[in-house]
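Participant: Starting off with a structure, shown below.
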Amino acid sequence: MEDPKHISIFTGAFGSGKTELALNYALKLQETGKKVTAVDLDIINPYFRIRSVREALEVRGLNVVSPCGRLAGADVPALPPAILGVLDDSRGYGVLDVGGDDIGATVLGRFKGNLRDGSFNLYFVVNTYRTHTRDVPGILSIMRRIEKASRLQVSALISNPNLGPETNLETILGGHRIVMDAAQQLGLPVALLGVHRKLAGRLKIRDVPIFPLDLLLKLPWQDD
């Protein structure tokens with residue numbers, strides 16, 4: 001947050017929590033007084049997408065770029081041209097949420113020419129309690145597939161181990177150790193540890209910054 005890149009891209013396996021991370025990051029960045037736009041590049045998940053909470057985000061002053069009208073609920077790569085404006089605006093900051101796994105990451109290939117070296121960070125969000133990222137080999141495999149599909153290299157991992165409402169401190173600590181092991185093998189930093197705000201104050205970890213998360217996205221049948 002002290003020296004963010006012009007563009008922050010959040011990728012990850014399906015169910016990693018990357019959209020929650022992206023939204024919380026965008027709102028936190030906005031609190032520093034910067035002009036921030038959240039960009040919905042998720043063509044995979046029909047539920048947890050930025051466009052589903054667009055109005056609530058705009059009420060809070062956050063700019064949002066996402067498919068509108070009949071295309072808002074479509075599972076096709078119908079991407080608004082305003083995305084290019086976000087990528088090319090050096091005075092503002094863009095936070096991009098990209099669809100899960102390598103299939104969703106292929107959309108980034110369209111914009112490779114607009115992503116100048118040194119102007120962006122590509123974050124790989126890891127939840128070790130999801131099927132394909134439970135161990136180091138799985139994490140490395142998914143990350144390499146995303147890099148190949150997007151034609152971009154990951155800048156850092158983001159640790160986000162959770163079991164939803166069943167998450168406790170042991171859940172977080174156990175999963176985070178696996179993420180740290182993966183990062184060491186990859187030679188990459190772990191930029192953040194995402195933790196629900198209710199647990200963040202109880203967690204004693206010094207190896208990476210703890211990033212308190214507010215639950216912004218919910219399934220239609222979920223309560224507070």
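What follows draws every value from the coordinates through simple rules; no lab data is involved. Here the structure is a predicted model, which means the values were calculated and not measured. With ideal geometry, Cβ positions are generated from the backbone for all residues, glycine too; neighbour counts draw on all protein chains shown.
Participant: Work out how far the C-alpha atoms of the chain reach from end to end along every principal axis, then list the three figures in whole Å, largest first.
Facilitator: 43, 38, 33
Participant: Taking the Cα centre of region 110-224 as origin and charging only Cβ (+1 Lys, Arg; -1 Asp, Glu), how large is the dipole, in debye to the nearest 20?
Facilitator: Values: 16 positive and 10 negative charges, 80 e Å.
In total the dipole reaches around 380 debye.
Participant: Using per-residue counts of other Cβ atoms within 10 Å, averaged over each peptide, order 163-169, 84-90, 11-17 from highest down.
Facilitator: Output ranking for 163-169, 84-90, 11-17: 11-17, 84-90, 163-169.
Participant: Sum -39500 (n - 2.57) across every DSSP H segment of at least 4 residues in the chain, then divide by the residue count to get the 222 nm mean residue ellipticity, nearest 500.
Facilitator: Here the helix-only value at 222 nm equals -9000 deg cm²/dmol.
Participant: Then there is this: Which of the pairs Lys35/Lys148; Lys112/Lys148; Lys28/Lys198; Lys34/Lys112; Lys28/Lys148 have their Cα atoms more than 19 Å apart in this structure?
Facilitator: Details: Lys35/Lys148 31 Å; Lys112/Lys148 12 Å; Lys28/Lys198 17 Å; Lys34/Lys112 24 Å; Lys28/Lys148 30 Å.
From the list (Lys35/Lys148; Lys112/Lys148; Lys28/Lys198; Lys34/Lys112; Lys28/Lys148), the Cα-Cα distance tops 19 Å for Lys35/Lys148; Lys34/Lys112; Lys28/Lys148.
Participant: Points 7 angstrom from Cα along the Cβ direction at Gln185 and Ala56: gap in nanometres?
Facilitator: So the label points at Gln185 and Ala56 sit 3.7 nm apart.
Participant: Then there's this: How much length, in nm to one decimal, is gained on full extension between Arg116 and Lys204, taken as 0.36 nm per residue of separation minus their Cα-Cα distance?
Facilitator: That works out to 28.0 nm of additional length.
Participant: Calculate the length of the line joining the C-alpha centroid of region 136-215 to that of region 81-127, in whole Å.
Facilitator: 20
Participant: Mind checking which of Gly33, Thr133, Ile178 is farthest towards the positive end of the chain's charge dipole, using Cβ charges of +1 (Lys, Arg) and -1 (Asp, Glu) about the Cα centre?
Facilitator: Selected residue: Gly33.
Participant: Show me 200-206, 127-133 ranked by packing, highest mean number of other Cβ atoms within 10 Å first.
Facilitator: The peptides rank, most packed first, as 127-133, 200-206.
Participant: Sticking with this structure for a sec: Quick one: dipole size for region 86-127, taken about the Cα centre, charges +1 on Lys/Arg Cβ and -1 on Asp/Glu Cβ, in debye to the nearest 20.
Facilitator: Working: 4 positive and 6 negative charges, 30 e Å.
Rounded to the nearest 20 debye, it is 140 debye.
Participant: How large is the dipole of the chain about the Cα centre if only Lys and Arg carry +1 and Asp and Glu carry -1, each at its Cβ, rounded to the nearest 20 debye?
Facilitator: The calculated dipole for the chain is roughly 220 debye.
Participant: How high is the relative contact order of region 122-175, in percent, counting Cα pairs under 8 Å that sit 6 or more residues apart?
Facilitator: 45
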